[in-house]
Every structure is written in structure tokens, then in C-alpha cells.
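The values are calculated or read from the model by the stated rules, or taken from the named source; none is laboratory data. What you see is a predicted model, and the numbers here were worked out from it, not measured in a lab. Ideal geometry is used to build each Cβ from the backbone, glycine not excepted, and the neighbour counts take in all protein chains shown. Surface areas here come from the heavy atoms of the whole protein model, side chains and all, with no ligands, DNA or RNA. Shrake-Rupley method; radii C 1.70, N 1.55, O 1.52, S 1.80 Å.
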Amino acid sequence: METIKTTCYIPPFHIPTSLTKTKFSKPNLNFHFNAVPTSSFSKTHKNASKSKLYSTISSSSSSSSSSSPPSAYSVSTESIEAPQPELETDIQGDKFDWYSAWYPVMPVCDLDKRVPHAKKVLGIDVVVWWDRNENEWRVFDDTCPHRLAPLSEGRIDQWGRLQCVYHGWCFNGSGDCKYIPQAPADGPPVHTFNKACVAAYPSTVHHDILWFWPNTDPQYKDILMKEKPPFIPELDDPSYTKTMGNRDIPYGYDFLIENLMDPAHVPYAHYGLMKIRQPKEKVDREGGKPIDMSVKKLDKNGFIGKQEKGSSKFIAPCIFYAYTDPLVDQGNGAVSSSETKKKLSVQQRAALVFICIPVSPGNSRLIWAFPRNFGVWIDKIFPRWMFHVGQNLILDSDLYLLHVEERKITDIGVANWQKACFVPTKSDALVVGFRKWLNNYAGGQVDWRGKYNGALPPTPPREQLMDRYWSHVVNCSSCNAAHKGLNALEVILQVVSLVLIGIVAAAKQSVLSAAARTTLVAVAVACFAASRWLAHFIYKSFHYHDYNHALR
């Protein structure tokens, strides 16, 4: 079990020389590895009137020793000069349509083909199921047309149809009703009526993720022929490992995505959990430092971000994708030397892919993948759940902060975000850029189409808020299997302990020697102690692991 405990912290971007001494490090935007290819990113620019997008500026820093207070990064509003314009944005061009885009639902590796799955995206309740007749995943409206029972509580019958378990109505992969048990065989074919059909959404599997188009209008039936989900080359390259994970998050989509765009919080909110490059001169224990970031080419399709060691892309509405820039010659763009050519030919490449899904007000879903072309053997040896233990701990470490932050900003009014939040440094440039995209092109918030009144759900107890079982384990095939397996092992250890104690108690003195008795008792105690440790490990890894920043 010590191996299990240590290997769950294997970092996705660092190949350790000793697994037992490696801590899991959360990928952040200020990572350091070689270049990755850029992905395609469509943009729309029109000759409408334009306004300048201003990025925030950083305060001046001064050198200080590691023992001095963090005054070098303090900000004085009097000393801040007016921000300089970074780019032009077409705020009077086309607006982003929340219902004319592909949305990810789940990684297919976490979908069980035997059962229907209930999911919510954009406030839409959908049922995901495997159509074995056509060998395709289907996404339907999670409502039976008969009496509006949820189809996700149904089953897939022996003919491969989706069956509503309330009255047995059955539907094929196109949403057509194929059987109504209550309709007489010699009566009118009521199952062929349009009102007997289920609304079916266009869907496709792309990058091993199931996507759907949130509009059932017939004109979008073949939308995949005209528009495809965003393409990320690393997720399509077979030489890369691309272990994925997913988790339901108890705060909104906008707060989730802007948090992932913010590398400056990493040394503080995730202190001790991540391996980050330390500045030459530290002004505090955590090692925070100025980060030069800016936003380029912002339009309705998203924007490109630049920083010291790389670039990133926000591909509206869901994808934040980070990578480092290629090594090129400073003059004509050619590789500068034979040594650099050699490095480029065998360079280690990796990327960060975060897919943020709006679920409902105050709730979102995160799908993450960290594709890389080195250390591929690690993912082949260690199961996904070992990585997820550490990754979930990182998500937990700032979960409560963001949950509370969302409620405070909602009370002030999301439209007043720029006035309420003081963002004077360049490290907030991507966050400011996202908020400008949201306000200028996307209506300032997710378009729920009147499904909600704008109120956030009440804050549950901390243990429920940070629960891992229902937010992740039940939705992850690897963690779910590990949870069941480790629970079974815990029971086996307890049974073995009891059996050994029973043998010692029942055996006569002449049958077992003193040494044998001592050995059996020692093994029984060891098994019981191991079961108790395992129970604690299961609870903290798969249910609830509190995080106290003050004691880190």
C-alpha cells in the first residue's frame, strides 16, 4: 500500500528518477518543457468599429532577500501608470451563440456501454447511451414523451433499444419510438406519431470525448459535416499519452475557466502540492513572482494568450489549451544551431488541456488531459486512479475559495466584476481577457434560456461540498473500480484477522506451539492494522479530504 500512496503523486510532466520520492505536481501555465505544435484556431474579424483591449500592468519589483517581507510585490495605486493598449477587439461584430457550438459531455473511457447515463450541459438534461445496432454513442433529451419520466433511469433492452422503465416504451438510435406495449397490435400505429419520438441531439466522438450539439432542430442534423469540434493535435497524435479525468465542480463555469487561466495562484493556493520553478530571489516562503502575460487577437471565438515561457488559447466556449512556443532562430526563423536541431528532433513535448463545461448556475464540469510524448510507459504501468488521487487533492485545495468567491461576486453583480475586483498586474491578463470576451461577445454570462432565475444553490456542509465520491468516483471508471477493489481488500484483511484470532483461540496447546501462536497473532494484528489504514486511505482518497491552508 505504500507503493499506492506514493505513486498517486507522479507528476504528469516530470519523469521522476525515483517514484517513491516524487510528489504529484499540478500542471500550471508557467511550466517548463519544450515546444508543442499549435492547434488550429478560427477567428472572425470584421471592419466594424473597434475598441482597445487593455491588459493589466504589473507593479515594479525590487530585489530583496528571502527573509525580507513581501513588499517588493506590493502595489500602490498612485504609482501605477495608465495601461498600454495590447490589441484591438471587434466588439460590434458577430456575437457568440451559446447554442451553436459543440459541447463535450464525458470522456468515452468513463461511459459504461451497458447502461444509460444522465448528464446536464447548459442546463439541458440529456441521456447518453450506447446504440449497439449502429455502434455509436447517442445523446437524447432525458425525457420520455409519454409521461416525461427520465430515460436515464431506463435500460438498453435485448434488441439494443433505449427502454423507458416506467411503461416500457422503446426508442431506436434516431429517437423514433419502435414499441409501445400498451398499444394493441391491430390498432393504429401510434408509435409512429411524431409526438412519440424523443428529441435526439447531433453527437460525435472526438479526441476520445463525446460531444453534442445542443439543438435538436432538423436543420442541425448534419451539422458535423459543416462544423466539427475544436481540434487539438496532441490529443490526436498516437505518440502522446493522454490520460483523462473528469470531475463535477460546485462553482460556475466562468469561475472554473478563469481560475485555470491564472498561474499566479499556484504557489499559494496549492502550496506543497506542486513542483514549480522558484525565483532566484524569494520574497516569501511560497515563491510568488511577477508574471508577464498578455492577450492577443480576441474575438468571438476566443483569444490567444502570451506569457514568458509559452502561449495559450481560449477556444470558446469550453477549451483552455496551454503550450510552449517553438524554438526558432532569432533572425530568419530557422533553427539556430546543429545542437538545437538535435534537441528539436527529439524534444519532449506536452500540453495542458482543460475543458470547462457549463452545467447549471453554480455548477460546472471539468475534463482534463495532459498529453505528452515522453514517459508514456508511466501511464501503461500505473492506472489512472493513482494520478486522480493527487489531481483531486489539487482541485480540492482551492475549491472552497472559488465557491465563496462566486457567491460574493454574484451578490455584487457579475456585470460589476471589473469594478469590484482589483486586478493591477499582468498576471491577471488572461482572466481580464476572458471577462472581456464574456462581456463583449457572450452576453456577460452563460445563456440558460430562462431555465434559472439567477440564484445560486445554497452552500452545503464542507464535507458535502468537497465530496469526491459523487463528483468524481462514480463518474470515473478507473476510480470506481479501485474504490470497489480496495473496499473488498479491506474486508478481506478484516476477515483474515478474525479467522487467525479464531484459530489461535480454538486450537489446543498441543496443536499449536507458542511460536506458531505468536506468529498467527502478529499476522492477525498486522492485517487488522492494515485494514484500518486502508479504510482511512479510501476515505481520504475517494470521499473527503479537507484542506487547511493555515497549517500547510
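Need pairs with beta-carbon distance below 6 Å; first residue within 15 Å of H536 (Cβ to Cβ) and within region 488-499, second part of a helix (DSSP H, G or I); sequence gap 6+ or separate chains.
So the pair list comes out as E490/S531; E490/L534; E490/A535; L493/C527; L493/A530; L493/S531; Q494/S531.
In this structure, does N480 turn out to be over 21 Å from the mean Cα position of the chain (by Cα), of a type in the set (S, T, N, Q) and either in a helix (DSSP H, G or I) or not assigned by the TED database to the domain that holds V121 (or both)? Write out each step before concluding.
Working: over 21 Å from the mean Cα position of the chain (by Cα): no; of a type in the set (S, T, N, Q): yes; either in a helix (DSSP H, G or I) or not assigned by the TED database to the domain that holds V121 (or both): yes.
The answer is no for N480.
Collect the residues in region 110-150 that are aliphatic (A, V, I, L, M) and out of contact with any Leu (no Cβ under 6 Å at 6 or more places or on another chain), keeping them in residue-number order.
Going through region 110-150, the residues aliphatic (A, V, I, L, M) turn out to be 111, 115, 118, 121-122, 124, 126-128, 139, 148-149.
Passing the criteria: L111, V115, A118, V121, L122, I124, V126, V128, V139, L148, A149.
If we keep just the residues of region 92-122 that are of a type in the set (G, A, S) and in contact with a Pro (Cβ under 8 Å, 6 or more places away or on another chain), which is farthest from A316 (Cα to Cα)?
Taking region 92-122 first, the residues of a type in the set (G, A, S) are 93, 100-101, 118.
Filter again for in contact with a Pro (Cβ under 8 Å, 6 or more places away or on another chain), leaving 101, 118.
Numbers: A101: 9, A118: 25 Å.
Applying the filter and picking the extreme gives A118.
Take the residues of region 102-130 that are in contact (Cβ under 8 Å) with a residue 24 or more places away in the chain, surrounded by fewer than 18 Cβ atoms within 10 Å (Cβ to Cβ) and not hydrophobic (A, V, I, L, M, F, W, C): which is nearest to W159 (Cα to Cα)?
Step by step, filter region 102-130, then rank; the result is R114.
Under 8 Å by Cβ, and 6 or more places apart or on different chains, what pairs join a residue from region 286-313 that is within 22 Å of A442 (Cα to Cα) with one that is open to solvent by 30 Å² or more (accessible area, probe 1.4 Å) and of a type in the set (S, T, Y)?
Cβ pairs passing all conditions: D299/T44; K300/T44; N301/S42; N301/T44; K313/T38.
Could you give every pair whose Cβ atoms fall below 8 Å, whose first residue belongs to region 414-426 and is under 19 Å from Q445 (Cβ atoms), and whose second residue is acidic (D, E), counting only separations of at least 6 or pairs across chains?
Going by the 8 Å Cβ cut-off, the qualifying pairs are V414/D254.
Before we move on, is W448 under 24 Å from A118 (Cβ atoms) and surrounded by 15 or more Cβ atoms within 10 Å (Cβ to Cβ)?
Numbers: under 24 Å from A118 (Cβ atoms): yes; surrounded by 15 or more Cβ atoms within 10 Å (Cβ to Cβ): yes.
Against the criterion (under 24 Å from A118 (Cβ atoms) and surrounded by 15 or more Cβ atoms within 10 Å (Cβ to Cβ)), W448 qualifies.
Here is a list of conditions, (1) open to solvent by 20 Å² or more (accessible area, probe 1.4 Å); (2) at pLDDT 90 or above; (3) part of a helix (DSSP H, G or I); (4) not aromatic (F, W, Y), and V389 meets all of them except one; can you say which number that is?
Only one criterion in (1) open to solvent by 20 Å² or more (accessible area, probe 1.4 Å); (2) at pLDDT 90 or above; (3) part of a helix (DSSP H, G or I); (4) not aromatic (F, W, Y) is unmet by V389, namely (1).
A quick yes/no check of all residues on (1) touching a helix residue (DSSP H, G or I) at 6+ places or on another chain (Cβ under 9 Å); (2) among the small types (G, A, S); (3) closer than 30 Å to L298 by Cα:
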| position | (1), (2), (3) |
| --- | --- |
| A442 | no, yes, yes |
| P460 | no, no, no |
| G485 | no, yes, no |
| V491 | yes, no, no |
| A507 | yes, yes, no |
| L520 | yes, no, no |
| F542 | yes, no, no |
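So for region 221-240 (the condition being over 27 Å from F370 (Cα atoms) and open to solvent by less than 20 Å² (accessible area, probe 1.4 Å)), does at least one residue qualify? Outline the logic, then answer.
Keep residues of region 221-240 that are over 27 Å from F370 (Cα atoms), which gives 221-223, 225-226.
When the remaining residues are screened for being open to solvent by less than 20 Å² (accessible area, probe 1.4 Å), the result is 223.
Yes.
Residue by residue, here is whether (1) part of a loop (DSSP other than H, G, I, E, B); (2) among the β-branched types (V, I, T); (3) in contact (Cβ under 8 Å) with a residue 40 or more places away in the chain holds:
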{"position": "A185", "(1), (2), (3)": "yes, no, no"}
{"position": "K195", "(1), (2), (3)": "no, no, yes"}
{"position": "V198", "(1), (2), (3)": "yes, yes, yes"}
{"position": "V205", "(1), (2), (3)": "no, yes, yes"}
{"position": "W211", "(1), (2), (3)": "no, no, yes"}
{"position": "P214", "(1), (2), (3)": "yes, no, yes"}
{"position": "L224", "(1), (2), (3)": "no, no, no"}
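Is there a residue in region 411-420 that is modelled with pLDDT under 95 and either crowded, with 16+ Cβ neighbours inside 10 Å or in contact with a Ser or Thr (Cβ under 9 Å, 6 or more places away or on another chain) (or both)? First the steps, then the outcome.
Initially, region 411-420 is screened for residues modelled with pLDDT under 95, giving 411-420.
Next cut, either crowded, with 16+ Cβ neighbours inside 10 Å or in contact with a Ser or Thr (Cβ under 9 Å, 6 or more places away or on another chain) (or both) only: 414, 417.
Yes, region 411-420 contains at least one residue that is modelled with pLDDT under 95 and either crowded, with 16+ Cβ neighbours inside 10 Å or in contact with a Ser or Thr (Cβ under 9 Å, 6 or more places away or on another chain) (or both).
When you scan region 503-519, do you find a residue that is under 30 Å from D110 (Cα atoms) and either in the same structural domain as K380 (by the TED database) or open to solvent by 80 Å² or more (accessible area, probe 1.4 Å) (or both), even just one? Quick ask: steps written out before the conclusion?
Quick first cut of region 503-519, residues under 30 Å from D110 (Cα atoms) only: none.
No, region 503-519 has no match at all.
Given the criteria of a type outside the set (K, R), in a helix (DSSP H, G or I) and surrounded by fewer than 12 Cβ atoms within 10 Å (Cβ to Cβ), does A455 qualify? Show your work before the answer.
Working: of a type outside the set (K, R): yes; in a helix (DSSP H, G or I): no; surrounded by fewer than 12 Cβ atoms within 10 Å (Cβ to Cβ): yes.
Answer is no for this residue.
Going by what's in this entry, would I378 be described as aliphatic (A, V, I, L, M), open to solvent by less than 10 Å² (accessible area, probe 1.4 Å) and over 27 Å from H549 (Cα atoms)?
Considered against the rule, which asks whether it is aliphatic (A, V, I, L, M), open to solvent by less than 10 Å² (accessible area, probe 1.4 Å) and over 27 Å from H549 (Cα atoms), I378 comes out as yes.
Which of the numbered conditions does W470 fail, given that it passes all the others? Conditions: (1) in a helix (DSSP H, G or I); (2) exposed (fewer than 13 other Cβ atoms within 10 Å of the Cβ).
(1) is the only condition that W470 fails.
Tell me which residues, restricted to region 300-327, are charged (D, E, K, R) and under 24 Å from the mean Cα position of the chain (by Cα). Steps first, please.
From region 300-327, those charged (D, E, K, R) are 300, 306, 308-309, 313, 325; that's our starting set.
Correct list: K300, K306, K309, K313, D325.
Of these, V491, V432, which one is open to solvent by less than 60 Å² (accessible area, probe 1.4 Å) and assigned to a helix (DSSP H, G or I)? Steps first, please.
Working: V491 fails: open to solvent by less than 60 Å² (accessible area, probe 1.4 Å).
None of the others qualify; the one that does is V432.
Can you tell me which residues in region 285-296 are crowded, with 18+ Cβ neighbours inside 10 Å and at pLDDT 85 or above? So that I can check it myself, show each step before the final result.
Residues of region 285-296 crowded, with 18+ Cβ neighbours inside 10 Å: 286, 288-289, 291, 293-295.
K289, I291, M293, S294, V295 - these are the residues of region 285-296 that are crowded, with 18+ Cβ neighbours inside 10 Å and at pLDDT 85 or above.
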